[in-house]
Amino acid sequence: MAQYQDDIKAVAGLKENNGSAWNAINPEYAARMRAQNKFKTGLDIAKYTAKIMRADMAAYDADPSKYTQSLGCWHGFIGQQKMISIKKHFNSTERRYLYLSGWMVAALRSEFGPLPDQSMHEKTSVSALIRELYTFLRQADARELGGLFRELDAAKDAAAKAAIQQKIDNHVTHVVPIIADIDAGFGNAEATYLLAKQFIEAGACCIQIENQVSDEKQCGHQDGKVTVPHEDFLAKIRAIRYAFLELGVDDGIIVARTDSLGAGLTKQIAVTSTPGDLGDQYNSFLDCEELSADQLGNGDVIIKRDGKLLRPKRLPSNLFQFRAGTGEARCVLDCVTALQNGADLLWIETEKPHIAQIGGMVSEIRKVIPNAKLVYNNSPSFNWTLNFRQQAYDAMKAEGKDVSAYERGQLMSVEYDQTELAKLADEKIRTFQADSSREAGIFHHLITLPTYHTAALSTDNLAKEYFGDQGMLGYVAGVQRKEIRQGIACVKHQNMSGSDIGDDHKEYFSGDAALKAAGKDNTMNQF
């Protein structure tokens with residue numbers, strides 16, 4: 001942040017040009033405020049973070065061990081605390097992002113109350129959350145720099161001042177890329193474009209869109225998913241690209257998500273004009289029966305393929321059914337066509353975390369697009385313990401090891417926790433991200449709903465203790481004492497909420513007349 005000294009000089013020049021009317025303006029204070037507000041608009045953030053993400057994608061192409069990670073957020077404070085914790089523990093935000101989960105917006109931020117992940121929540125609440133997340137991340141920058149400025153003022157010698165100045169000059173921002181979930185676009189391509197613009201203006205450099213029917217949208221890990229023909233999905237990808245280009249975020253990133261692996265239904269038969277074209281390929285997966293013209297029934301829909309008349313199976317819901325066992329092939333076609341038509345990254349929603357399954361599909365995709373890369377949902381919808389214990393069981397059995405002590409269907413049981421099988425499974429869970437990034441092309445690993453679950457778990461523990469025999473000790477021992485000993489910044493919650501930043505501003509604006517909150521009677525001094 002060498003800009004800091006330049007800003008002091010620039011404001012000093014402005015002060016001199018404006019004469020005595022600016023006598024009370026302190027150029028260093030103004031420079032500090034500029035430093036604490038590096039990003040003036042959401043578009044500034046989108047352009048800055050897009051460059052970071054593009055560089056990370058190139059680094060991954062060169063070395064698959066350089067994968068990226070994120071955790072899902074449903075509130076600005078949650079996102080802020082994640083990045084503060086990351087900086088505290090790792091001294092860097094490199095390759096660590098935030099994920100904005102549509103599921104959590106629906107469940108936690110809708111004015112209708114908790115909703116399932118079916119795009120029934122207010123679509124503008126998603127762009128509002130992007131804006132909120134970046135407001136909190138920018139405040140984290142302001143708070144941290146404010147602390148350094150106060151240290152600079154208190155430093156007694158030149159060496160100490162130089163060391164603090166270096167920290168200011170090399171300050172690492174909390175602002176990182178957000179991968180933002182636009183569901184299925186909340187409508188047609190025009191609706192997708194309009195909403196994408198709001199996402200980008202709020203700061204999103206990366207937008208994830210899925211190939212489900214917007215008004216039939218289901219959570220990727222629930223039944224009843226309905227996909228759209230490829231041309232409909234590609235129109236929405238193009239709409240998002242145009243939104244990025246219109247707003248000047250030329251290197252914005254689009255994640256094309258396919259739910260085809262678990263989606264057995266389609267609402268439309270694709271338009272096709274030539275055998276083997278994209279519409280024909282989509283229709284080739286339909287579950288059909290051959291019939292003659294005199295077998296046609298009232299209201300039947302038929303398609304012609306290879307000179308034959310075929311009747312696709314249509315359900316009472318008026319949806320058409322795909323043939324069983326075609327999910328992986330449909331995923332591969334989805335991914336190849338998305339990358340060939342403007343998407344940058346892929347998301348394949350799976351029913352379990354299994355490297356061989358993911359890697360098999362990526363291998364097929366890379367026959368056409370050699371540098372295809374995935375974003376992968378390390379979902380809490382999976383029972384990770386059971387899945388990996390069953391994978392370990394199958395591997396041990398295939399190697400000829402004795403597995404008679406285990407019952408495959410009951411491997412979640414606590415009685416297995418200390419066994420060889422459980423330890424093998426846990427090690428596979430621990431290395432899953434590194435292994436799958438190396439073997440299955442996964443560039444970005446995210447967990448969609450981590451803080452939904454951590455909030456529930458920690459609240460349950462606190463409620464049990466506080467309302468039980470432990471009373472206030474339930475809070476003190478279970479929360480506050482741990483915050484103090486682990487150096488959790490929000491133990492000073494007044495500071496975290498911006499009280500000290502407000503005190504700085506009071507001094508800038510009112511000088512000695514400032515009425516500050518951080519005096520000797522502030523109880524935060526106990527920490």
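The values are calculated or read from the model by the stated rules, or taken from the named source; none is laboratory data. Because the structure is predicted, anything quoted here is derived from the model rather than measured. Positions of Cβ are backbone-derived with ideal geometry, glycine not excepted, and every protein chain shown enters the neighbour counts.
Taking the stated definitions as given, is D500 more than 29 Å from the chain's Cα centre (by Cα) and in a helix (DSSP H, G or I)?
yes
Give me the pairs: first residue in the stretch 397-418 and of a type in the set (F, W, Y), second residue not in a helix (DSSP H, G or I), beta-carbon distance under 8 Å, and six or more apart or on different chains, which are they?
Listed pairs, sorted by first residue: Y406/T419; Y416/Y406.
Name the single residue, out of those in the stretch 404-419 being acidic (D, E) and outside any helix (DSSP H, G or I), that is nearest to Y393 (Cα to Cα).
Restricting to residues being acidic (D, E) and outside any helix (DSSP H, G or I), the top hit is E407.
For the stretch 309-328, check the following and say yes or no: at least one residue is assigned by the TED database to the domain that holds K225, closer than 30 Å to M53 by Cα and surrounded by fewer than 17 Cβ atoms within 10 Å (Cβ to Cβ).
Yes, the conditions are met somewhere in the stretch 309-328.
Residue by residue, here is whether (1) modelled with pLDDT of 95 or more; (2) touching a Phe, Trp or Tyr at 6+ places or on another chain (Cβ under 8 Å); (3) surrounded by 17 or more Cβ atoms within 10 Å (Cβ to Cβ) holds:
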{"residue": "K225", "(1), (2), (3)": "no, no, yes"}
{"residue": "L247", "(1), (2), (3)": "yes, no, yes"}
{"residue": "S273", "(1), (2), (3)": "no, no, no"}
{"residue": "D334", "(1), (2), (3)": "yes, yes, yes"}
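When both residues are 6+ apart or on different chains and their Cβ atoms are under 7 Å apart, which pairs have a first residue that lies in the stretch 49-67 and is closer than 12 Å to K373 by Cβ and assigned by the TED database to the domain that holds S437, and a second that is among the basic types (K, R) and buried (at least 16 other Cβ atoms within 10 Å of the Cβ)?
D56/R95; M57/K373; A59/K66; Y60/K66; Y60/K373; P64/R438; K66/R95
With F388, F382 as the choices, which residue is over 22 Å from P177 (Cβ atoms), assigned by the TED database to the domain that holds I254, at pLDDT below 95 and in contact with an Asp or Glu (Cβ under 9 Å, 6 or more places away or on another chain)?
Every option except F382 fails the conditions.
Looking only at residues that are buried (at least 17 other Cβ atoms within 10 Å of the Cβ) and either in a helix (DSSP H, G or I) or among the acidic types (D, E) (or both) in the stretch 89-103, which one is modelled with the highest pLDDT?
Filtering the stretch 89-103 for residues that are buried (at least 17 other Cβ atoms within 10 Å of the Cβ) and either in a helix (DSSP H, G or I) or among the acidic types (D, E) (or both), the one modelled with the highest pLDDT comes out as G102.
How many residues are farther than 16 Å from M83 by Cα, assigned to a loop (DSSP other than H, G, I, E, B) and modelled with pLDDT of 90 or more when one looks only at the stretch 468-496?
Selection size over the stretch 468-496: 4.
Condition first: surrounded by 22 or more Cβ atoms within 10 Å (Cβ to Cβ) and of a type in the set (G, A, S). Now tell me which residues in the stretch 62-77 satisfy that.
Matches in the stretch 62-77: S70, G72.
Testing F382 on (1) surrounded by 16 or more Cβ atoms within 10 Å (Cβ to Cβ); (2) in contact (Cβ under 8 Å) with a residue 24 or more places away in the chain; (3) in contact with a Leu (Cβ under 9 Å, 6 or more places away or on another chain); (4) assigned to a loop (DSSP other than H, G, I, E, B), one condition comes back false. Which one is that?
(3)
Per-residue answers, yes or no, for (1) at negative phi; (2) within 35 Å of the chain's Cα centre (by Cα); (3) not hydrophobic (A, V, I, L, M, F, W, C):
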position	(1), (2), (3)
L462	yes, yes, no
R485	yes, yes, yes
D504	yes, yes, yes
E507	yes, no, yes
S510	yes, no, yes
L515	yes, no, no
N522	yes, no, yes
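Quick grid of which residues meet (1) surrounded by 20 or more Cβ atoms within 10 Å (Cβ to Cβ); (2) part of a loop (DSSP other than H, G, I, E, B); (3) touching a His at 6+ places or on another chain (Cβ under 9 Å):
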residue: L14; (1), (2), (3): no, no, no
residue: A30; (1), (2), (3): no, no, no
residue: M33; (1), (2), (3): no, no, yes
residue: Y48; (1), (2), (3): no, no, no
residue: Y60; (1), (2), (3): yes, no, yes
residue: K87; (1), (2), (3): no, no, yes
residue: V105; (1), (2), (3): yes, no, yes
residue: Q118; (1), (2), (3): no, yes, no
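Tell me which residues, restricted to the stretch 476-497, are crowded, with 18+ Cβ neighbours inside 10 Å and of a type in the set (S, T, N, Q).
N495
Give just the number: which of (1) in the same structural domain as P229 (by the TED database); (2) at negative phi; (3) in a loop (DSSP other than H, G, I, E, B) does A356 not satisfy?
(3)
Could you list, in sequence order, the residues of the stretch 453-475 that are loosely packed, with under 14 Cβ neighbours inside 10 Å and either of a type in the set (S, T, N, Q) or touching a residue at least 40 places away in the same chain (Cβ under 8 Å) (or both)?
H453, T454, S458, T459, N461
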